[in-house]
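The structure appears right after this line, and notes come after that.
None of the figures in this text is laboratory data; all of them are computed from the coordinates on show. Please read all numbers here as calculations on a predicted model, not as lab measurements. Ideal geometry is used to build each Cβ from the backbone, glycine not excepted, and the neighbour counts take in all protein chains shown.
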Amino acid sequence: MANRIVIQADQREGIISRHIYGHFAEHLGRCIYEGLWVGEESPIPNTKGIRNDAVEALRALRIPVLRWPGGCFADEYHWKDGVGPKESRKRMVNTHWGGVVENNHFGTHEFMLLCELLDCEPYICGNVGSGTVQEMSEWIEYMTFGGQSPMADWRRRNGREEPWKLKYFGVGNENWGCGGHMRPEYYADLYRRYQTYVRNYDGNRIYRIACGPNSADYRWTEVLMREAGGLMDGLSLHYYTVPGTWSAKGSATVFEEDGWFEVMRKTLFMDELLTRHSAIMDQYDPSRRVGLIVDEWGTWYDVEPGTNPGFLYQQNTMRDALVAGLNFHIFHRHCGRVRMANIAQTVNVLQAMLLTEGAQLVKTPTYHVFEMFKHHQDAELLPLRLDSEEYRYGDAAIPQISASASKRTDGTIDISLCNTRPDSAAEVELALRGLPEGARTEAVGRLLTADAMQAHNTFERPDAVAPKPFDGIGTVRNGVLRVELPPMSVASLVLTS
Ligand code: AHR
């Protein structure tokens with residue numbers, strides 16, 4: 001058999017931080033407004049303005065952390081405009097994303113409420129590009145200071161007595177681009193300065209995240225680690241899977257096998273990026289104290305025809321499900337350095353979990369992968385050796401199979417598998433070493449697949465791509481399990497002994 005996986009069930013390679021399954025929601029297009037926030041007066045059922053159907057769907061994913069308010073929006077956002085009575089909040093123009101009016105009805109209090117409803121940690125990104133040190137420092141004081149102070153007292157007047165717990169704070173976003181077009185030397189100095197005033201109040205310990213590189217900009221990582229590594233807890237990385245070119249990315253739903261293969265190949269580049277950025281970080285931080293935070297990742301296609309080009313609304317197919325599975329397996333392998341990842345974005349933007357139209361809501365294939373993989377969160381990564389057949393297309397080749405395995409605290413083993421080939425099934429033999437002596441091991445599983453690469457969910461056919469019980473699993477005999485993975489599929493197996 002050509003596809004062979006050996007899993008060592010009695011050893012561990014590290015902990016897969018649950019934050020690798022994090023999310024990102026920006027004031028962009030219909031992500032926050034419509035997708036998550038509809039306002040208290042809306043006929044769409046809501047809790048203090050936040051739509052209930054979205055919260056219910058997202059809670060099932062056990063979202064660990066949510067990044068907000070941007071993205072590029074973060075370096076144009078002035079938080080004071082988004083607190084206090086809604087009717088007197090300043091209206092601004094969201095110049096970066098579609099030039100629409102932003103009424104600031106969704107601000108700090110609403111975001112913190114959303115995180116409470118989702119039972120996730122907030123990750124706030126501050127404004128370095130167009131904001132002041134004072135503004136950033138006062139935001140931290142407003143949110144986290146428990147005593148008497150101008151900002152804490154203002155928070156109380158705005159209805160929140162207790163300070164919030166805030167762990168994750170980003171000091172700017174993409175400051176090499178939309179966040180100010182800075183050189184790394186300049187940003188490193190600004191980072192040093194701004195982070196000084198991101199204070200730890202009342203036992204709240206902030207994990208400071210510096211703006212990291214764009215994709216393969218290794219010099220940015222080098223300069224940041226050299227000049228400011230000792231003053232940060234995390235360094236971000238942004239990498240999107242973009243087929244074609246930035247000006248002609250191609251459609252989310254209209255593509256053939258070349259478009260499928262290109263997306264798989266470009267997604268797998270994440271592994272090289274993490275390896276090379278980690279190697280630079282290792283030189284300055286050999287104990288791996290500083291986390292690599294992949295706080296924007298996912299597919300980026302041309303927008304759906306007829307939609308606002310500044311809204312980045314795209315459909316989501318079986319191809320995107322594979323992208324999610326492949327990226328998670330890469331993040332797991334790098335869990336010694338990668339402490340968080342945030343898919344862009346949660347609703348209605350880029351590789352979304354949910355798409356909405358008025359009161360309608362649909363779960364995407366990507367949503368289902370997050371749900372199927374959720375047991376990897378905070379589990380022990382098990383050593384895994386994979387010998388895979390090749391998937392060759394044109395002059396290039398990638399592995400047909402991708403896999404990862406982890407162990408929960410109660411000993412249950414979760415294995416996830418991807419078959420990247422759209423045209424052929426794969427037989428996979430899993431050798432399970434180090435299982436409890438003499439115990440009988442049972443395997444069950446779920447499968448996400450489709451009969452076409454372009455398959456996706458619509459409001460009319462919301463379950464066209466949805467997980468089903470996986471009947472291609474054999475029984476575990478002498479520590480060996482055989483599975484038959486259909487073409488273009490993502491599977492999750494659960495092994496109990
Ligand atoms: O996620 C969309 C945009 O992509 C973000 O605003 C920005 O940080 C990145 O370029």
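Check each of the trypsin sites (Lys or Arg not before Pro) in region 1-103 and keep only those in coil by DSSP with at most 12 other C-beta atoms within 10 angstrom; list them in order.
On the way: sites: Arg4, Arg12, Arg18, Arg30, Lys48, Arg51, Arg59, Arg62, Arg67, Lys80, Lys86, Arg89, Lys90, Arg91; in loops: Arg12, Arg30, Lys48, Arg62, Arg89, Lys90, Arg91.
Passing sites in region 1-103 are Lys48, Lys90, Arg91.
By the beta-carbon count within 10 Å of each Cβ, the least crowded to most crowded order of Phe311, Phe370, fewest first, is Phe311, Phe370. Evaluating 6.51 cos²θ - 1.76 cosθ + 1.60 at θ = phi - 60° for every residue in region 339-356, the Karplus couplings come out as 9, 7, 8, 9, 6, 9, 9, 5, 9, 6, 9, 6, 7, 7, 7, 10, 10, 10 Hz, glycine and proline recorded as x.
Strictly over 28 Å apart at the Cα level, which of Lys249/Lys363; Lys90/Lys165; Lys90/Lys374; Lys48/Lys468 would you flag in this model? Beyond 28 Å: Lys90/Lys374; Lys48/Lys468.
Here, region 115-182 is characterised by an Rg to Rh ratio of 1.04, where Rg is the alpha-carbon radius of gyration and Rh the Kirkwood radius.
Which stretch or stretches of region 331-357 have amide N atoms under 17 Å from the point lying 7 Å from Ile15's Cα along the Cα→Cβ direction? Only 332-341 pass the distance filter. Only one residue of Tyr77, Tyr197, Thr132 has its Cα farthest out toward the positive end of the dipole of region 17-378, where Lys and Arg carry +1 and Asp and Glu -1 on Cβ, and that residue is Tyr197.
From the helices alone, meaning DSSP H stretches of at least four residues, give me the mean residue ellipticity at 222 nm for the chain, per-run term -39500 (n - 2.57), in deg cm²/dmol to the nearest 500. Before the final figure, lay out the partial values.
Numbers: 9 runs with 115 residues, N = 497.
Rounded to the nearest 500, it is -7500 deg cm²/dmol.
Which whole-number percent gives the relative contact order of the chain, counting Cα pairs below 8 Å spaced six or more residues apart?
In percent, rounded to a whole number, it is 19.
How many percent of Cα pairs in region 368-497 exceed 20 Å? Spell out each step's value before the answer.
Details: 3999 of 8385 pairs.
So the portion of pairs separated by more than 20 Å is 48 percent.
Rg over Rh for region 72-211 works out to 0.96, using Cα positions for both radii and the Kirkwood form for Rh.
Per-residue packing, averaged as other Cβ atoms within 10 Å, sorts the ranges 148-157, 264-273, 207-216 into the order 207-216, 264-273, 148-157, beginning with the highest. If amide H atoms are built 1.01 Å from N in the plane of the peptide, which residues on other chains or at least 5 residues away come under 5 Å of the amide H of Tyr168? When sequence neighbours closer than 5 places are left aside, the close amide H contacts are Ile124, Tyr207.
Please give the charge dipole size of region 364-497, origin at the Cα centre, charges +1 on K and R Cβ atoms and -1 on D and E Cβ atoms. Round to the nearest 20 debye. Please list the in-between numbers first.
On the way: 13 positive and 19 negative charges, 53 e Å.
Using only the charged Cβ atoms, the result is roughly 260 debye.
At a 10 angstrom cut-off on C-beta neighbours, averaged per residue, how do the peptides 239-245, 345-351, 375-381, 488-494 rank from highest to lowest?
Working: 239-245: 18.0, 345-351: 26.4, 375-381: 20.3, 488-494: 23.4.
Taking the mean over residues of other Cβ atoms within 10 Å, the ranking is 345-351, 488-494, 375-381, 239-245.
Remark: region 17-378 carries a charge dipole of roughly 800 debye about the Cα centre, counting +1 on each Lys and Arg Cβ and -1 on each Asp and Glu Cβ.
Can you tell me what share of the DSSP beta bridges in region 17-378 is antiparallel? A percent to the nearest 5 is fine. All intermediate terms of the calculation are to be shown ahead of the outcome.
On the way: 10 of 43 bridges.
Around 25 percent antiparallel, to the nearest 5.
When only alpha carbons of the chain are considered, Rg and Dmax amount to 22.5, 69 Å.
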